[in-house]
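Chemist: Just dropping this structure here.
The values are calculated or read from the model by the stated rules, or taken from the named source; none is laboratory data. Not measured: the values here are computed from a predicted model. Methodologically, a virtual Cβ is constructed for each residue, glycine included, from the backbone with ideal geometry; neighbour enumeration extends over all protein chains shown. SASA here: full protein model, heavy atoms, side chains in, ligands and nucleic acids out. Shrake-Rupley method; radii C 1.70, N 1.55, O 1.52, S 1.80 Å.
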Amino acid sequence: MTATTATVVHEVPSTLPADDDHPYRTGAWRPNHREWDAFDLEVEGHLPDDLEGVYLRNTENPVHPSIGLYHPFDGDGMLHSISFGGGRATYRNRFVRTDGFLMEQDAGEPLWTGFYDLAANSKLDGWGARGRMKDASSTDVIVHNGVALTSFWQCGDVYQLDPITLEARGKAPWVQDFPNPVGVSAHTKLDEATGELLIFGYSAEAPYLHYGVVDPAGRLVHAIDVPLPGPRLPHDMAFSEHYAILNDCPMFWDPELLAMGAHVPRYYRDLPTRFAVVPRRGTTADVRWFEAAPTYVLHWINAFEDGDWLVLDSFFQHDPAPAKREGTPKGMSLYRTIDLDRLQTRPHRWRFNLVTGETREESLSERVMEFGMINPQVAGRDYRYAYDMTGKPGWFLFDGLVKHDVVSGTEERYAFGEGVFGSETPFAPRPGATSEDDGYLVTFTTDLNTDRSECLVFDATRLSEGPIARVRLPERISSGTHSCWTPASQLAPV
Ligand SMILES: [Fe+2]
C-alpha cells in the first residue's frame, strides 16, 4: 500500500483566544484553520472499487471572536472534500473565500454580528435576509454542472469551487439575474433527472419570496415572485416531477420588534403552516396554497406525485419554540433551538389533493431525526428509503445514522459511539444498482476520544453491521451542516 502524503498548503491566521471556551467553538465544534492536501489516505477495511466520486461537506469555522453572541451558523464556510477512485482516497479542505471572509482577513477582526446579535452592531453593511450580516457561504453544498456551489442560510451569493481541488471559481453568475434583492438561499435543489437546479430566496422586502430554475448549463431560465403576507424564514424547499413546493411556516421575525430594527424569530402557534405548490415552470398566478397544522420545518426529505395527490415528507417540529429548561448548563440555553431533541423533529408526511384542495398529514416515525438524505435518483419520485441523523440531546451534534424505510416503517440505526459525531450522510448509488438502496453511505466523523476524523463508508443494505471502510483524515475536523455526494460521471460540466 502507498503511504499517505499529507501537506498543509495554507494556515489562515485566527484571532480566537487560545483559551476559548465557547461550547460551539470547542469540542466537536473546534474550528479548523489549516488547509490540507492529502493523498493515498490510510484505509481500514475495504474501499469498494465502484465507489467513484466525491463527498463534500460544508462546515462553519470561525476565524475571529464574535462581536456579540456567537451562533454556530455564523462561522466561515470551509469545504471538506474526499474523492474516491480506483480504491484510493484523496482529501482536501479549503475555506470558501467569500467577500466577507477576505474583508475580515484584511481587517484582522470581525466586522459583522451574527444571527444572535443586533444587525445595528455590525461595523459595515453586509448580506442576508436580516441584513448587515456576513454571507459566510457555510451552510450548504451541492454540485451542479460539474461545479461545487456553496450557499448561506440567510441568503447571499453562491460561491463556486472545483469539487476535487477546491480551487475557487468565482461566484455563480445566475444569482445576479435572480430577482430576490439579497440573493439565493441555501438548499438549492438538484433534480438529476433533468439536470435542473431549483432555487429560492427570501428577504424582508415584499413580495418576500422568490422561486427560480437554473438550467443544466448554469443559466437562470425561470424566476417568479411568490408573495407572502410578510417576511418569513423558509429554510428549504422541495420538488416533485412536475411541481416545486415552497413554504410559509408560522415562525418569523416579530413584526413589532422588526419595526424597531431587532430580528427576533417568534413562533405563532395559532397560524397554519402554508405550502405553495407551483408547476416547476409556473407563474405567480399558478401558485396554489395548502394549509396544514402549525409547525416549523428545517429540511424536506422528498416529494412525489401519486395520482391526484402530491406527497411531501419532512421533519415536523413538534416543539418549534422550546421553553428554557431548569438545569440547562450556563451558556447552553440559547442553543436549545438547534437541539433536535428539544425541537422534537420527527419524520412526517403531508398529502395535498391537487383536485379538491384537501390536505392530510401523518407522522412517519416516533424517532427524533433530521438531516435526511435519499438516493438522488429518486428525488421528486416515489421512494422508499431515507437516511437520517439522530442528535445528541442538548447539542447540535449527530450521534447516529438511521435507515428509515418510509413504506414499511422499519428503521435500522448505527450509533457512532460515545464522543464520536457524524456528518449528514448522503447515499452514493452503486453503478449498475438493482435496487433503491443498492449503494453506499458516506460520512465524516469527529472523534473526541482519539482526536481524529475519519470518513466512514457503509454498505447501505447492511447499515447496522457498521462501516465497510474507515479512511483516516489528516486532522480532526469540526462538526458542520450540509453535505453531498457526486458520482464521477457528474463531475464534468455539460
Ligand atoms: Fe439546512
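Chemist: Can you name the residue in region 186-197 that is assigned to a strand (DSSP E or B) and open to solvent by less than 10 Å² (accessible area, probe 1.4 Å) and, of all such residues, is nearest to the ligand (Cβ to nearest atom)?
Modeler: Filtering region 186-197 for residues that are assigned to a strand (DSSP E or B) and open to solvent by less than 10 Å² (accessible area, probe 1.4 Å), the one nearest to the ligand (Cβ to nearest atom) comes out as L197.
One line per residue, one yes/no per condition, for (1) surrounded by 20 or more Cβ atoms within 10 Å (Cβ to Cβ); (2) of a type in the set (D, E); (3) at positive phi:
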| residue | (1), (2), (3) |
| --- | --- |
| F101 | yes, no, no |
| N121 | no, no, no |
| S137 | yes, no, yes |
| V147 | no, no, no |
| W153 | yes, no, no |
| G170 | no, no, yes |
| V175 | yes, no, no |
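Chemist: Tell me yes or no: at least one residue of region 328-342 is in a helix (DSSP H, G or I), open to solvent by 40 Å² or more (accessible area, probe 1.4 Å) and within 16 Å of the ligand (Cβ to nearest atom).
Modeler: yes
Chemist: Can you list residue pairs whose Cβ atoms sit under 7 Å apart, with the first residue in region 447-465 being of a type in the set (A, V, I, L, M, F, W, C) and the second being open to solvent by 30 Å² or more (accessible area, probe 1.4 Å) and not in a strand (DSSP E or B)? Count only pairs 6 or more apart in sequence or on different chains.
Modeler: From residues that are of a type in the set (A, V, I, L, M, F, W, C), the pairs are L448/G27; L456/P467; V457/P467; V457/I468; F458/P467; F458/I468.
Chemist: Next question. Is one or more of the residues making up region 351-364 modelled with pLDDT of 95 or more, within 16 Å of the ligand (Cβ to nearest atom) and open to solvent by 30 Å² or more (accessible area, probe 1.4 Å)?
Modeler: No, every residue in region 351-364 fails to be modelled with pLDDT of 95 or more, within 16 Å of the ligand (Cβ to nearest atom) and open to solvent by 30 Å² or more (accessible area, probe 1.4 Å).
Chemist: Additional query: Are any of the residues in region 358-366 part of a loop (DSSP other than H, G, I, E, B) and touching a residue at least 60 places away in the same chain (Cβ under 8 Å)?
Modeler: No, there is no match, as no residue in region 358-366 is part of a loop (DSSP other than H, G, I, E, B) and touching a residue at least 60 places away in the same chain (Cβ under 8 Å).
Chemist: What single numbered condition from (1) in a loop (DSSP other than H, G, I, E, B); (2) away from the ligand (no atom under 16 Å from the Cβ) fails to hold for S138?
Modeler: For S138, the failing item is (2).
Chemist: Answer yes if at least one residue in region 173-185 is within 15 Å of the ligand (Cβ to nearest atom) and touching a residue at least 60 places away in the same chain (Cβ under 8 Å), and no otherwise. Walk me through how you get there before you give the answer.
Modeler: Residues of region 173-185 within 15 Å of the ligand (Cβ to nearest atom): 184-185.
Checking the rest, the ones that are also touching a residue at least 60 places away in the same chain (Cβ under 8 Å) come to none.
No, because not a single residue in region 173-185 is within 15 Å of the ligand (Cβ to nearest atom) and touching a residue at least 60 places away in the same chain (Cβ under 8 Å).
Chemist: Shifting gears a bit: Going by what's in this entry, would F252 be described as of a type in the set (F, W, Y), under 23 Å from D140 (Cα atoms), under 18 Å from the mean Cα position of the chain (by Cα) and at pLDDT 95 or above?
Modeler: The answer is no for F252.
Chemist: When the residues of region 267-284 are narrowed to those that are of a type in the set (K, R) and surrounded by 14 or more Cβ atoms within 10 Å (Cβ to Cβ), which ends up nearest to I199 (Cα to Cα)?
Modeler: Ranking the qualifying residues of region 267-284, first place goes to R280.
Chemist: Looking at region 375-388 only, could you name the residues that are buried (at least 23 other Cβ atoms within 10 Å of the Cβ) and aliphatic (A, V, I, L, M)?
Modeler: Across region 375-388, the qualifying residue is only A386.
Chemist: Another question about this same structure. Of the residues Q176, Q160, Q154, which is over 22 Å from P231 (Cβ atoms) and within 19 Å of the chain's Cα centre (by Cα)?
Modeler: Values: Q176 fails: within 19 Å of the chain's Cα centre (by Cα); Q154 fails: over 22 Å from P231 (Cβ atoms).
Step by step, each of Q176, Q160, Q154 is checked, and only Q160 is over 22 Å from P231 (Cβ atoms) and within 19 Å of the chain's Cα centre (by Cα).
Chemist: Here are the criteria: (1) under 18 Å from N58 (Cα atoms); (2) of a type in the set (D, E, K, R); (3) away from the ligand (no atom under 16 Å from the Cβ). Tell me which single one D388 does not satisfy.
Modeler: (3) is the only condition that D388 fails.
Chemist: Residues of region 141-172 being within 16 Å of the ligand (Cβ to nearest atom), more than 18 Å from Y202 (Cα to Cα) and in a loop (DSSP other than H, G, I, E, B), which ones?
Modeler: none
Chemist: Then there's this: Determine the pairs where a residue that is closer than 14 Å to N93 by Cβ and free of Cβ contacts under 8 Å to residues at least 60 places away in the same chain, located within region 27-55, has a partner that is open to solvent by less than 30 Å² (accessible area, probe 1.4 Å) and part of a loop (DSSP other than H, G, I, E, B) with Cβ atoms under 8 Å apart, the partner being 6 or more residues away or on another chain.
Modeler: Listed by first residue and then by second, the contacts come to H33/V12; H33/V63.
Chemist: When residues of region 389-436 are filtered for being in contact (Cβ under 8 Å) with a residue 60 or more places away in the chain, outside any strand (DSSP E or B), of a type outside the set (S, T, N, Q) and closer than 14 Å to W485 by Cβ, how many remain?
Modeler: 4
Chemist: Taking region 198-228 as the region of interest, how many residues are within 21 Å of R288 (Cα to Cα) and open to solvent by 40 Å² or more (accessible area, probe 1.4 Å)?
Modeler: So the count comes out to 5.
Chemist: Residues that are under 21 Å from G131 (Cβ atoms) and within 16 Å of the ligand (Cβ to nearest atom), at least 3 per element: which strands (runs of 3 or more DSSP E) completely within region 209-248 meet that?
Modeler: Fully inside region 209-248 and qualifying: nothing.
Here is a yes/no grid of residues against (1) at pLDDT below 95; (2) of a type in the set (A, V, I, L, M); (3) closer than 19 Å to Y55 by Cβ; (4) surrounded by fewer than 22 Cβ atoms within 10 Å (Cβ to Cβ):
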| residue | (1), (2), (3), (4) |
| --- | --- |
| L401 | no, yes, yes, no |
| A415 | no, yes, no, yes |
| G439 | no, no, yes, no |
| T446 | no, no, yes, no |
| T450 | no, no, no, yes |
| L456 | no, yes, yes, no |
| I468 | no, yes, yes, yes |
| W485 | no, no, yes, no |
